[in-house]
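Each value in this text was obtained by applying a stated rule to the coordinates, not by laboratory testing. Only a predicted model underlies this, so the values are computations on that prediction, with no experimental measurement involved. Glycine also receives a Cβ, built like all others from the backbone with ideal geometry; neighbour counts cover every protein chain displayed.
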Amino acid sequence: MLKQAFFKTILFLIPLYLLSIVVLAQQKYWLEFDIVEMGNQNTQIEFLKENLKNEYGNELEFHYQSKWHPVISITLKKELVDQLDNHELIKSIQPQKELQALSIESATLIEYSYALEQIKAHYITDSMGLSGMNIKIGVIDGGFMDADVEPSLKHLVENNQIKFFQDYLLKGNKDPFYGKRMAGDDHGTQVLRMIAGSDNGTSIKYGMAENAELYLARTDHGIRERRLEEDYWVAALELFYDMGIRLVNSSLGYTDGFDKRKENHNKKEVNGKSSMITKTAQSAAEKGMLIVSAAGNDGHKKWEVLSLPSDAKDVLTVGSVRFDDWSKIYYSSIGPEKLAYVKPDVVCFAANGTSFSAPVITGLAACIWEYDSTLSNLEVIDIIKRSSHLADNPNNYIGYGVPDSKKITSILNHEKPESISQTISSSQNFIEIEIPVKTEMVVIYHKKDSINVIEQKSIKIEEGQTLLKIKKIDTANYTTVVGQDKFQFEVEWK
């Protein structure tokens, strides 16, 4: 269901004088256990892991365990590899791509979209040289009309990076670039732009995964809205899984906007478990797929909450925020109060729809997987959330906040991101907070509990102002005060 209008990326040209980033080498391996009988594989693996833990202690760190094979990814000091490889319990130990020390030699001048600027993408794309190389990305969307002539996507065609196309609307159509503008068939084209778009002729970067392999599925009509399109969405996701694709962008969402009212969903279904499309997304996540889903554009409407299937617990749900103060933009859908987990998961800037926030984060996830292919889908999501500016105090408006690519490089190096959050309390109906000099904007989230927002408010700070008085509002038990990624206070009202 396409509710987003055409989005022209706003560009912001500034010189980026980058400091060198050094990520210490960290070797990971696939370790295969010598198990003959597969009937009680998990029990045997747990027994073998315990034995190895007793032998190697903290020198051996276990990561992702395969559900289908007696294999688990590990981190191990290089000097112990030969010793472990000869162990009687081990069938094989295979090195994964080594996390190389990375740096840049000189400053680079490049133009980024606002969204990439906001998440500090240059720390990953420019400094680390990551671009989604060899990562397969599935895109379930409307049409990809004229993507072959879009300047920022020209390289995808020239380099044969579009590997597959399935049209569920027009049976027999093999042309991924076919479509009608009046039907909104270029929506998928704009999504591709935010995943992998890069106009080398003018040094403009729109997406982070410009070297990824793209697999496309057209499941949604831009004008006609039918529940049948959800069948197509499910079919496309299951097909991608069979094709071995782990990362999928879905900038589609389903709510109450169908042509026939009887097909409309009810807000009560947005609970992470009721709709079939949500169940399918969650099943895919449990099978190891990373589904990046747009939160929806009903934040200012009666529906207000997430569109389906972005309510699924283990999909990466992405909302939209403003560029200047990082507050939730008016249209971005919010997480229902009764969910047992925080949604949306993260946010980034988009001028006209969460459809164009989600693919930015898809490109980010592709780069993380390019750097360390042994990470599970849930580990990638965790890294992105832990890097975000509201990681300590997430809420149902913007989730864990705006991801920070610089922090992600630290997390990949097994370093804990430094927290900027301070917890304070007040037994009165106001509190005064000291804020840094030169603060321009502050966003305040008054909350009924630690997660659910009652009111969001942006405040412009006067020049030279260093004290901010926060008044408690009725029914608020917590208030988050945040100045982008510079400072953060969590106020508990006693």
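Dipole magnitude for region 375-494: computed about the Cα centre from +1 point charges on Lys and Arg Cβ and -1 point charges on Asp and Glu Cβ, it is near 160 debye. Distances between placed amide hydrogens fall under 5 Å for Leu290 paired with Leu247, Val248, all partners being 5 or more residues away or on another chain. Once divided by 2.2 N^0.38 Å, the Cα radius of gyration of the chain becomes 1.00.
As a proxy for reagent exposure, His265, His69 were ordered by neighbouring Cβ count within 10 angstrom, fewest first; the result is His69, His265. Whole Å is fine, so just give me how far the alpha carbon centre of region 422-481 lies from that of region 254-294. Each part reduced to its Cα centre gives a spacing of 35 Å. Pairs spanning more than 23 Å between alpha-carbon atoms, out of Lys416/Lys457; Lys174/Lys313; Lys268/Lys301; Lys447/Lys486: Lys416/Lys457; Lys174/Lys313.
With Cα atoms as the point set, region 28-95 shows a radius of gyration and Dmax of 11.1, 34 Å.
Extension gain for Glu434 to Gln96 (0.36 nm times residue separation, less C-alpha to C-alpha distance): 116.9 nm. Around the Cα centre of the chain, unit charges on the Cβ atoms of Lys, Arg, Asp and Glu (plus for the first two, minus for the last two) sum to a dipole of about 1600 debye. For Val139, the residues whose modelled amide H falls within less than 5 Å of its own, excluding neighbours fewer than 5 places apart on the same chain, are Tyr215, Leu216, Ala217, Asn249.
Taking a ≥ b ≥ c as the square roots of the eigenvalues of the alpha-carbon gyration tensor, region 188-337 is classed oblate because a/c is 1.5 or more while a/b is no larger than b/c.
Peptide packing for 128-138, 280-290 was compared via the average number of neighbouring C-beta atoms within 10 Å per residue; ordered from the highest value, the list is 128-138, 280-290. Kirkwood-type hydrodynamic radius, region 151-276: 16.2 Å, calculated from all non-identical alpha-carbon pairs. What shape does region 421-493 have by the C-alpha gyration tensor, where a ≥ b ≥ c are the square roots of the eigenvalues, rounded means a/c under 1.5, and otherwise prolate means a/b greater than b/c and oblate the rest? It comes out prolate by the Cα gyration axes. As a rough footprinting exposure proxy, the listed residues Arg218, Arg246, Arg224 were ranked by other beta carbons within 10 Å of their own, and the order from fewest upward is Arg224, Arg246, Arg218.
Scoring 432-439, 268-275, 361-368 by mean Cβ neighbours within 10 Å over their residues and listing the highest first yields 361-368, 268-275, 432-439.
The length gained by stretching the chain between Asn352 and Lys338 to full extension, at 0.36 nm per residue less their Cα-Cα distance, is 2.3 nm.
Grab the DSSP H runs of the chain that are 4 residues or longer, score each as -39,500 (n - 2.57), total them, divide by all residues and round the 222 nm result to the nearest 500 deg cm²/dmol. After summing the helix terms and dividing by residue count, I get -6000 deg cm²/dmol. Note on Ser376 and Phe62: the extension gain reaches 111.8 nm, defined as 0.36 nm multiplied by sequence separation minus the Cα-Cα distance. Highest mean packing first, where packing is the average number of other Cβ atoms within 10 Å per residue, the peptides 140-147, 159-166 line up as 140-147, 159-166. The 3J(HN,Hα) values that the Karplus relation (6.51, -1.76, 1.60; θ = phi - 60°) gives for region 60-72 are, in residue order, 10, 10, 8, 10, 7, 10, 5, 7, 10, 9, x, 10, 9 Hz. Gly and Pro appear as x.
Projection of the Cα convex hull of region 338-393, averaged over all directions and equal to a quarter of that hull's surface, yields 4.8 nm².
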